[in-house]
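Student: The structure under discussion is supplied below as structure tokens; questions concerning it will follow.
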Ligand code: OXD
Ligand code: MN
């Protein structure tokens, strides 16, 4: 199969001239094609068969040990004008970037197959969906793209109908960290990625297209491309509210999207429906509400910590037909990672397991699995019109200060909450782990343009006729003085989501604090939960002095986006800073009055 779309055929021809592959394979996305690729990778050692009795259709991929995470320092967003990429991105002049990376692509596919992967991000017949074509020399990438996107003949037909698609060129090159770049050319709707086979660097439909390029397109076209899960919460009356939530990488988006309600909630008939675990595209509908689709069709989830206790739905999803990357294996060849029962015999690099070498599974080891295998997969995930969003939630790993939950008083305050988001870093990107960094809307590594313009774009949704979702901020990761997490998290997070729904429905009043609206006494349902009352107080406490410092830090951070920082955000930051000063003075005034 080749293409009748001249622009596509011509691009493939040009890339073939540059990279000189031995052959070209146009992917049709069929089962037979997938099975043939798997057989080929089993022969080359790219895949290792796992125990087919316990895990039918499951395989292990071991990456190059230097190629285990996104490489933010080697990721560039190349707008013609540097200012348009913003201080939040690395920038290279587009001509220089093309020259640098094309030199690496020159002849790099000699002796290899060039795979042409037409894909659609979103339900194939959705007007919110967008298409792309990835050219790669990695069969592992093809197999993963087949799970993560709607890939193959149907996508190609749509591309040929529409004539417009995002181009992505990828080669694993020599997997040499010195010869590794992930480059984006938003104006050209083009991605070039060289030298890495890792998901976020190599599955170009995911972070590169669905976030960096799409956020740029979304700005021009009036929608939002966000690093958010989408989950439907159905109450015992059968009413479902869809919530979109942004957390930085490896902060539990997959777990929240597949949450299992606590015992009492299950008994009462609460249900949770998974629409997406990582990316959300939202657009205002004619009804004024934001409607969202998950552009992906699979989960590329973090394995360590996933267990029957933390995410039973994920465990059921990955019991068959799953690709595991960089996990350990047990004596009977089952996939294993920290958090699972049993013991590994070999670690993620295939060495005999020795605790002296560190964790058996790489902390950023992953599973790739079709979303359809998830027991809570929502039928609405395939709805071309998407799902209406009732609440947007921001959150990060904050061991102190940030309360369990707070609600923004209005849209602009919510945008500030998102912009001010901070979190401790995780293993999903290379670099130090556990360091607090600001990560606005969890988009620091993914926004394809200047954050100042991005905040302005968010603010612009607040216009006459808009019926915008309420915005909340949560912190599941607050620690007590003993260094332990104060909140149990996982399924119990539904208690917090229920409060949000009560607010949306106007049934909870909350209490107005300078930093936002917090649950009033008794509004968080805690029955069946052994939570010390003192811990709840700590989870909801507002430390005025600490918050004054936080507001000052937020102000400094926001100013790094001047002169493109929207004044509205500055005003909002000042309003809260002032409210904190007044609240701190109040008790003093009362005492002296
Ligand atoms: C991911 C990430 O893989 O955010 O989703 O790194
Ligand atoms: Mn992510």
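Student: Between the stretch 482-507 and the stretch 1-65, what's the alpha-carbon centroid distance in Å?
Tutor: Answer, in whole Å: 43.
Student: I need 348, 273, 535 ordered by Cβ neighbour count within 10 Å, fewest first.
Tutor: Ranking 348, 273, 535 by Cβ neighbours within 10 Å, fewest first, gives 535, 273, 348.
Student: Any idea what the alpha-carbon Rg over 2.2 N^0.38 Å comes to for the stretch 299-373?
Tutor: Its radius of gyration relative to the 2.2 N^0.38 Å reference: 1.03.
Student: Another question about this same structure. To the nearest Å, what is the center-to-center distance of the stretch 253-275 and the stretch 155-185, using C-alpha atoms only?
Tutor: Value for the Cα centre distance between the two parts: 37 Å.
Student: Quickly work out the residue 64-to-residue 560 label distance, labels modelled 7 Å from Cα along the C-beta direction, and quote it in nm with one decimal.
Tutor: Rounded to a tenth, the inter-label distance reads 3.0 nm.
Student: Evaluate the distance, in nm, between pseudo-label points positioned 7 Å from the Cα of residue 124 and of residue 48 along their respective Cα→Cβ axes.
Tutor: Taking the simple label geometry, residue 124 and residue 48 are separated by 3.6 nm.
Student: So if each residue of separation counts as 0.36 nm, and I subtract the Cα-Cα distance between residue 24 and residue 187, what length gain in nm does that give?
Tutor: 55.9 nm
Student: Which percent, to the nearest 5, of DSSP beta bridges fully inside the chain are antiparallel?
Tutor: Looking only at bridges with both residues in the chain, the antiparallel portion is about 65 percent.
Student: Direction-averaged shadow area of the convex hull around the Cα atoms of the stretch 1-70, nm²?
Tutor: Taking the Cα atoms of the stretch 1-70, their convex hull projects to 7.4 nm² on average.
Student: In µm²/s, what is D for the chain at 25 °C and 0.890 mPa s, where D = kT/(6 pi eta Rh) by Stokes-Einstein and Rh is the Kirkwood radius from Cα pairs?
Tutor: The calculation lands on 99 µm²/s.
Student: Could you work out how far helix 6-19 tilts from the main Cα principal axis of the chain, as a 0 to 90 degree angle to the nearest 10?
Tutor: So the inclination is approximately 70 degrees.
Student: Sum -39500 (n - 2.57) across every DSSP H segment of at least 4 residues in the chain, then divide by the residue count to get the 222 nm mean residue ellipticity, nearest 500.
Tutor: -9000 deg cm²/dmol
Student: Another question about this same structure. Which FRET efficiency value, to the nearest 0.05, do you get for residue 176 and residue 463 by plugging their Cβ-Cβ distance into 1/(1 + (r/R0)^6) with R0 = 51 Å?
Tutor: Working from the Cβ atoms, E equals 0.55.
Student: By its C-alpha gyration tensor, with a ≥ b ≥ c as the square roots of the eigenvalues, how is the stretch 131-187 shaped: rounded for a/c under 1.5, else prolate for a/b larger than b/c, else oblate?
Tutor: It is oblate, given that a/c is not under 1.5 and a/b is not larger than b/c.
Student: Angle, helix 94-105 long axis vs. longest principal axis of the chain, Cα atoms, 0 to 90°, nearest 10?
Tutor: Helix 94-105 sits at roughly 50 degrees to that axis.
Student: With a ≥ b ≥ c the root eigenvalues of the C-alpha gyration tensor of the stretch 177-294, is it rounded (a/c under 1.5), prolate (a/b larger than b/c) or oblate?
Tutor: Because a/c hits 1.5 or more and a/b fails to exceed b/c, the stretch 177-294 counts as oblate.
Student: How would you classify the stretch 392-547 from its alpha-carbon gyration tensor, with a ≥ b ≥ c the square roots of the eigenvalues: rounded for a/c under 1.5, else prolate if a/b is greater than b/c, otherwise oblate?
Tutor: Note, shape of the stretch 392-547 comes out oblate.
Student: Let me ask something additional. With both bridge residues required to lie in the stretch 89-241, what share of the DSSP beta bridges run antiparallel, to the nearest 5%?
Tutor: Expressed as a percentage, antiparallel bridges in the stretch 89-241 total about 60.
Student: Now for a separate question. Estimate the FRET efficiency between residue 568 and residue 81 by the formula 1/(1 + (r/R0)^6), using the beta-carbon distance for r and 35 Å for R0, to the nearest 0.05.
Tutor: Plugging the Cβ-Cβ distance into 1/(1 + (r/R0)^6) gives 0.90.
Student: Compare the peptides 404-416, 93-105 by average per-residue count of other Cβ atoms within 10 angstrom and give them in order, highest first.
Tutor: Peptide ranking by packing, descending: 404-416, 93-105.
Student: If you average the sequence gap of Cα pairs under 8 Å that are 6 or more apart and divide by the length of the stretch 273-410, what percent do you get for the contact order?
Tutor: 30
Student: Computed FRET efficiency, Cβ-Cβ of residue 345 and residue 537, R0 56 Å: what is it to the nearest 0.05?
Tutor: 0.75
Student: Which of the peptides 366-375, 353-362, 291-300, 133-142 is most tightly packed, and how do the rest follow, going by the mean number of other Cβ atoms within 10 Å of each residue?
Tutor: My ranking of the peptides, most packed first, is 291-300, 133-142, 366-375, 353-362.
Student: With a point put 7 Å past each Cα toward its Cβ, work out how far residue 9 is from residue 267 in nm, to one decimal.
Tutor: Between residue 9 and residue 267, the simple spin-label model gives 6.7 nm.
Student: Now for a separate question. What angle, in degrees between 0 and 90 and rounded to the nearest 10, separates the Cα long axis of helix 567-592 from the longest principal axis of the Cα atoms of the chain?
Tutor: With rounding to tens, the tilt is 30 degrees.
Student: Right, here's the next one. Above 14 angstrom, tally the Cα pairs of the stretch 265-336 and express them as a % of all pairs, no decimals.
Tutor: That tail contains 73 percent of the Cα-Cα pairs.
Student: If we sort 474-482, 438-446 on the protection proxy, mean other Cβ atoms within 10 Å, highest first, what's the order?
Tutor: 438-446, 474-482
Where a number appears in this text, it was derived from the coordinates with a stated rule and is not lab data. Predicted model, so just to flag it, every value in this text is computed and none were measured. Here Cβ is always computed from backbone atoms with ideal geometry, including for glycine, and neighbour counts include all displayed protein chains.
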